[in-house]
Structure formats: C-alpha cells, structure tokens
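**Q** My structure is below; once you've seen it, I'll send some questions.
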Amino acid sequence: TTGYCGNGEMLDLYLRTGALPADIQAAVNAQFPEGLAVTALEEVPRPAPAITTQVVAADYSISLEGLDLPWLEQSWLEQRIQATLDAETLFITRPRKGRRLDIRPFIKVFTVSPDMGSLQLQVLFDNGRTVKVEEVLSQALQQSADTFRAWRITRTGLHLQEASLPAEAADAPQAAVS
C-alpha cells in the first residue's frame, strides 16, 4: 500500500469468460461500494505486458488546505521547489537498506498552486523504480519524511509507455480492466 488516495487507478484483470466488456464492467461495479467504480474497461490482446510494467510516470496532488504550519508560506515554498528543480542531485538514504539514491532524476514536475491550496508533483519511473512523495517533500521542504505522513496525498494519474504489441498477440483475446 502507498498510503495515498487514488483517482484513475488501473489494474490488470484476466478472465476465463467471453463476456462483453460492458457486462463485465456492470458486474464488477455492482459489487463495489458507493464511490468506487470501474470507469473504463478495455480488452487487450494477449500476451500484453502487465500494466505495472508499463508505468512511466505518476501525478500527485498534495493538499495544503487546513495545514497550520508557520514555515509553510508561498514565497518560501516557491523558492524551495525551484531550488529542488534546479538541483543537479538530491541524495537520500533509504533507511531499510541504507542505500543512497539520487532522487532528482525522478522529479519531472513540481509546482505550488497559485491559491496555495496544493502542490502538484509528477514523478518518473525507471524500470519499475521510482521515488516516494514523502522523500521528495522531505528534501524540498527540509522536513522529516514523517511530517508528511498525515498530509492528504492523492495520486491523480498514471502515464503508460506506448508499446506496440506483437502481430500474433492480436489473435488471442484477453480482458483487462483499467
């Protein structure tokens, strides 16, 4: 688990039925609680790579609403974000393995909204590896990563690489929910 809320999440679903995508979507949505729904379903020919291996970037919105922190001022935030984006390297040490990692190459977009309501962050993936939002915030805002665990962080989108499928894959149907 990431500890984040998510909008527009994707998942692979392999089925042994020849049901139509619209029927599958209706059946799945009937089982979900209110507020959770499959909004798009796409049949993908096999053998298609798993969606998780195709993610190249993720978008996040970090809410600043309701936070009463004396150090959280717009000019300071803008300066810290710009310093983060201008940095050639941003090394962190991951506590579990004690490994140093340069997180700067993973940060593509980092902005503060004009109304100071949220931060927007886009992080890149490299062969399934990425950086945690708290790691970026910790480096950029010079606070402990624990500071951000209670903040409302929402993953607002995933970006997939455009991959072409082998010609023989078109003959073997597979259902995937996204």
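**Q** Using a Förster distance of 25 Å, how high is the FRET efficiency between LEU72 and THR39, based on the Cβ-Cβ distance and rounded to 0.05?
**A** E(calc), rounded to 0.05, equals 0.15.
**Q** Springs between alpha-carbon atoms under 10 Å, Gaussian network over the chain: tell me which of GLU135, GLU34, GLU65 tops the mean-square fluctuations.
**A** For the chain, modelled as a Gaussian network with Cα springs under 10 Å, the answer is GLU34.
**Q** Further, regarding this structure: Shape of the chain from its Cα gyration tensor (a ≥ b ≥ c, root eigenvalues): rounded if a/c is under 1.5, otherwise prolate when a/b > b/c, or oblate? Show your work: numbers first, answer last.
**A** Values: a/c = 2.72, a/b = 1.80, b/c = 1.51.
Cα axes put the chain in the prolate bin.
**Q** Using only the alpha-carbon atoms, how far is helix 21-31 inclined from the longest principal axis of the chain? Give it as 0 to 90 degrees, nearest 10.
**A** Once rounded, one gets 60 degrees.
**Q** Taking H as built 1.01 Å from N, whose amide H comes closer than 5 Å to the amide H of LEU160, not counting residues under 5 places away?
**A** Residues meeting the criterion, in which the H sits 1.01 Å from N, are VAL56.
**Q** Test of understanding: in a Gaussian network model of the chain with alpha carbons linked when under 10 Å, which of PHE106, PHE32, PHE125 would top the mean-square fluctuation ranking?
**A** Among PHE106, PHE32, PHE125, the largest mean-square fluctuation in the Gaussian network model of the chain belongs to PHE32.
**Q** Right, here's the next one. Given Cα pairs under 8 Å that are at least 6 residues apart, what percent is the relative contact order of segment 54-126?
**A** Reported relative contact order: 43 percent.
**Q** Just order 126-133, 24-31 by mean Cβ neighbour count inside 10 Å, highest at the front, would you?
**A** Highest to lowest by the protection proxy: 126-133, 24-31.
**Q** Give me the percent of accessible area attributable to carbon and sulfur for the chain, probe 1.4 angstrom.
**A** Roughly 51 percent of what the probe reaches on the chain is carbon or sulfur.
**Q** Keeping all protein chains in position, work out how much accessible area LEU20 exposes to a 1.4 Å probe, and write it in Å² to the nearest 10.
**A** Near enough 110 Å² of accessible area.
**Q** Quick one: angle between helix 74-86 and the longest Cα principal axis of the chain, in degrees between 0 and 90, rounded to 10, please.
**A** Roughly 70 degrees between the two axes.
**Q** For LYS132, list long-range residues whose amide hydrogen, built 1.01 Å from N in the peptide plane, is under 5 Å from its own amide hydrogen.
**A** Here the answer is none, since no amide H 5 or more places off falls under 5 Å of that of LYS132.
**Q** Given R₀ = 35 Å, FRET efficiency for ARG152-ASP23 by Cβ-Cβ distance, to 0.05?
**A** The pair ARG152/ASP23 has a calculated efficiency of 0.45.
The values are calculated or read from the model by the stated rules, or taken from the named source; none is laboratory data. All values derive from a computational prediction rather than experimental measurement. Positions of Cβ are backbone-derived with ideal geometry, glycine not excepted, and every protein chain shown enters the neighbour counts. With ligands, DNA and RNA removed, areas are computed over all heavy atoms of the protein, side chains included. Shrake-Rupley method; radii C 1.70, N 1.55, O 1.52, S 1.80 Å.
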